[in-house]
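Here the structure is laid out as C-alpha cells; the discussion comes afterwards.
What follows draws every value from the coordinates through simple rules; no lab data is involved. What you are looking at is a predicted structure, and each value in this text was computed from that prediction instead of being measured. Here the Cβ is made from the backbone with ideal geometry for all residues, glycine too, and neighbour counts use every protein chain on show.
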Protein chains: 2
Amino acid sequence: MERREQFSGLAALKKPDDFFHPGISVDCVVLGFHEGILKILLSRYEGFDAWMLPGSFVFKDEDVDAAAHRILKERTGLDNIFLRQYYLFGDAHRNLTLKKESKQSFKDVYGIDIDENHWFYRRFMTVGYYALVDFTQVQLSEGYEGETIEWKELNSQLNFYFDHEKLVQKAIETIRQQSGYIPIGKELLPEKFTMPELRTIYETIMGRSLDRRNFQKKALSFGYIEKLDETKKGGAHKAPILYRFNPEKYKQAQDVGMVALGL
Amino acid sequence: MERREQFSGLAALKKPDDFFHPGISVDCVVLGFHEGILKILLSRYEGFDAWMLPGSFVFKDEDVDAAAHRILKERTGLDNIFLRQYYLFGDAHRNLTLKKESKQSFKDVYGIDIDENHWFYRRFMTVGYYALVDFTQVQLSEGYEGETIEWKELNSQLNFYFDHEKLVQKAIETIRQQSGYIPIGKELLPEKFTMPELRTIYETIMGRSLDRRNFQKKALSFGYIEKLDETKKGGAHKAPILYRFNPEKYKQAQDVGMVALGL
C-alpha cells in the first residue's frame, strides 16, 4: 500500500513520462445493493463538476488485474471481490476532450501546472472492470487529496466525467448479457434475501420492469436458488419468504456456464 | 492498405520506438467451419517452429477495433466480419519469454538484428478479438515475408507460439459462455444447414459430445432456427433435413440478449 500514498490520485501526475505503463489506465464500475436500490461507487475531485469511476494508471511491473484489485482495495477495503474485466476502450481519440476539462482545474485548485505535452494528455486506452460487492462489507476510504467517494443510485441522472457514462453503460450491457450464465444476485445480496430484492437487481440491470410471477418461476428454474422455511421479519406488510443461493449448485452453475441453455 | 505493406509483419520491427501505440498489440482468433470441422486461422513465420494468431501492433492514430478489422482484412479479404473483442491480456511479465524464442530467429532467418532494448522486448499487453467467418468467403492472403497462413483444425494438437494457446482457450471459453445469447452457428454456417452441422459447432466449442435428440430440441426451442421443406442432396446416407436462421427472429435475439432466460 506504500505505492498508493505516493503515486495515486494527483500525485501520479507529478511522476515522469516513463513511470507508469504508457497509454493505459484502469477504471472500475463497482455495484452494491442497499435498501432496495442498486448503487454505484463514484468519486469526485474538488474543482471537477462531474463524477468519475474509481481508477488508476498501471505500474510498470503490475498486472492489469492486480491494478483493478488495488484500486478497489484502496477505496472499499475489500480484498476478495467479485471482479471481472469487461472491455478495453481503445478509440484513438479517446482523451482529446480531457485537455479542456481538466487543465484549468489542475492549476486553479491544486496548483499543478502541467503543460500540453504531459503524458496525461497523450492517447490513453482504459480497461473497464466491473465489481459486484456486498454493500455491508464496504468501508469507504477517505479518498485522496480533494477527493469525495460516495455511493450513488445507479439510475439517477448523474453528471459523469469525460466518457465515464459510456464505460458504465457498457458494463451494465455486459452484465445484462452475462446474466444468462453468471448468477448476478449472489454477490450483491445478503445470504438470505427476498424475491422482490432479487427482482429489483434484475430490473435495474435489464432497465425495465419484470412480471413478478414469471420472474419468480424463472429464477427458481435456474436450479441454484432455494426457498427457505423462513420469512423476513420487521416489515409493515406480510412477512416475505426468504431464499438463498445453494452453494453447491451455484458453484456448478459457475463452472459449467451455459446454465440457461442446459446443453 | 498502404500501411500494411510498409509497416506490418517484420517491417514493423524496423520502426522507431514511438511509431506504434506503446506496449499494446492485437491478436485475432478466427474460426471457420469447413467439411464438418471447426477450423482456426493461423500463421507461421519461417524460422519459428510454432503457429501464431494473426496479429499486429496498433498505429498511433488507429482505434483498437480498427486494428482488428485491418488484421482480418489483410489476411482474409473480408470487410464485414463478425468480430468481438474478448479480453485484454495484461500480465506484467507477458513477454519475457519472447526474448528467448525470437531473437536468434530474427537474426538468422531475416537478418534483422534487434538488441535487447528494442521496443519489441518491452512489456506488451495484447487485446484478443475473436471472429466467426463464412469459410467459403475467405480469400487467404499470401502473407508477409516468410509467412505461411493456413486453416488448422481447432482441436488438433498444435504447437503455439508464446502464450497464443492461452489466448485461443480464453476465446473458446468466452464463446462458450456467450453462446447463451449469441447464436454462434449463424456466422459459421451457410444459409441452409443440417442439424448435425450445427451440433458439431456446439460440440467443438463445448469440448464434449451432445445428445443428438436433446440438442435438436433445445436448438429449436431458441425460436430463431426454422426447419425448411428441403433436404441436403448428394450424401451417401438418407438426405438430412435442412434448417436456416430466421433473419427477423435472429435479429431480435441479438438485440434483446437474454434469449435463453426469456426474462
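Remind me, relative contact order of chain A in percent, using alpha carbon pairs under 8 angstrom and six or more residues apart? After rounding, I find 21 percent. Roughly what angle does helix A:64-76 make with the longest principal axis of chain A, taking Cα atoms, 0 to 90 degrees, to the nearest 10? Once rounded, the angle reads 80 degrees. Which of A:L158, A:A239, A:Y129 sits closest to the plus end of the dipole of the protein assembly as shown, meaning its Cα is farthest towards the positive end, when Lys and Arg get +1 and Asp and Glu get -1 on the C-beta? The listed residue farthest towards the positive side: A:A239. Each pair of Cα atoms in the protein assembly as shown enters the Kirkwood radius, and Stokes-Einstein at 25 °C and 0.890 mPa s then converts it into a translational diffusion coefficient of 96 µm²/s.
Entry for the stretch B:159-205 at q = 0.22, 0.26, 0.32 Å⁻¹: log10 I(q)/I(0) = -0.81, -0.95, -1.14, Debye formula applied to identical alpha-carbon scatterers, no solvent contribution. The angle separating the long axis of helix B:96-110 from the principal Cα axis of greatest extent in chain B is about 70 degrees. Couplings 3J(HN,Hα) for the stretch B:126-134, derived from phi with the Karplus relation 6.51 cos²θ - 1.76 cosθ + 1.60 (θ = phi - 60°), are 10, 9, x, 10, 10, 10, 10, 10, 7 Hz, where x marks Gly and Pro.
Using C-alpha pairs under 8 Å with a sequence gap of at least 6, the mean separation divided by the residue count of the stretch A:28-73 gives a relative contact order of 30 percent. Counting Cβ atoms of other protein chains within 10 Å of each Cβ in B:21-28 and taking the mean gives 4. Here the Debye sum runs over all C-alpha atoms of chain B as equal scatterers in vacuum, and log10 of I(q)/I(0) at q = 0.08, 0.13 Å⁻¹ comes out as -0.37, -0.88.
Summarising the amide proton neighbourhood of B:F20: residues at separation of 5 or more, or on other chains, whose placed amide H is nearer than 5 Å comprise an empty set. Each 5 Å bin, from zero up to the one with the longest distance, holds this percent of the alpha carbon pairs of the stretch B:130-193: 3, 13, 17, 22, 23, 14, 6, 2, 0.
Of the cross-linked pairs A:K186/A:K217; A:K186/B:K249; B:K192/B:K238; B:K39/B:K186; A:K192/A:K251; A:K217/A:K238, those separated by over 24 Å at the C-alpha level are A:K186/B:K249. Taking other C-beta atoms within 10 angstrom as a stand-in for reagent exposure, B:T136, A:T204, B:T76, A:T231 fall in the order B:T136, A:T231, A:T204, B:T76, fewest first. Based on alpha carbons, the Rg and Dmax found for the stretch A:1-89 are 13.9, 46 Å. Across the stretch B:13-165, Cα pairs under 8 Å and at least six residues apart give a relative contact order of 38 percent.
Phi-derived couplings, Karplus 6.51 cos²θ - 1.76 cosθ + 1.60 at θ = phi - 60°, listed residue by residue for the stretch A:24-37: 9, 9, 10, 10, 10, 9, 9, 10, x, 10, 8, 6, x, 10 Hz, with x used for Gly and Pro. Close amide-amide hydrogen proximity is noted between A:I225 and A:N246, each under 5 Å apart and 5 or more residues distant or on a separate chain (H modeled in the peptide plane; Pro and chain starts excluded). Connecting C-alpha atoms closer than 10 Å in a GNM of chain B, tell me which of B:R212, B:R70, B:R122 has the biggest fluctuation. Maximum among the listed residues: B:R212. Taking every DSSP beta bridge that has both ends in chain B, the antiparallel portion is near 75%. Straight-line cross-link partners of B:K15 among the lysines, defined as a Cα under 27 Å from its Cα and at least 8 positions apart when in the same chain: A:K60, B:K60, B:K73, B:K99, B:K100, B:K103, B:K107. Using θ = phi - 60° and the Karplus relation 6.51 cos²θ - 1.76 cosθ + 1.60, list the HN-Hα couplings for the stretch B:159-169 in order, rounded to whole Hz, with x at every Gly or Pro. Rounded to whole hertz, the list is 8, 9, 5, 6, 9, 5, 5, 5, 4, 5, 4.
Between the amide H of A:F82 and those of A:L132, distances stay under 5 Å, these residues lying 5 or more places away or on another chain, with hydrogens modeled in the peptide plane. Look at where the Cα atoms of the stretch B:55-75 and of the stretch A:9-55 average out, and the two centres are 29 Å apart. Find the percent of Cα-Cα distances in the stretch A:160-242 that exceed 22 Å, and round it to a whole number. Distances greater than 22 Å cover 33 percent of the Cα pairs.
Take the Cα radius of gyration of the stretch A:48-139 and divide it by 2.2 N^0.38 Å, N being the number of residues; the result is 1.25.
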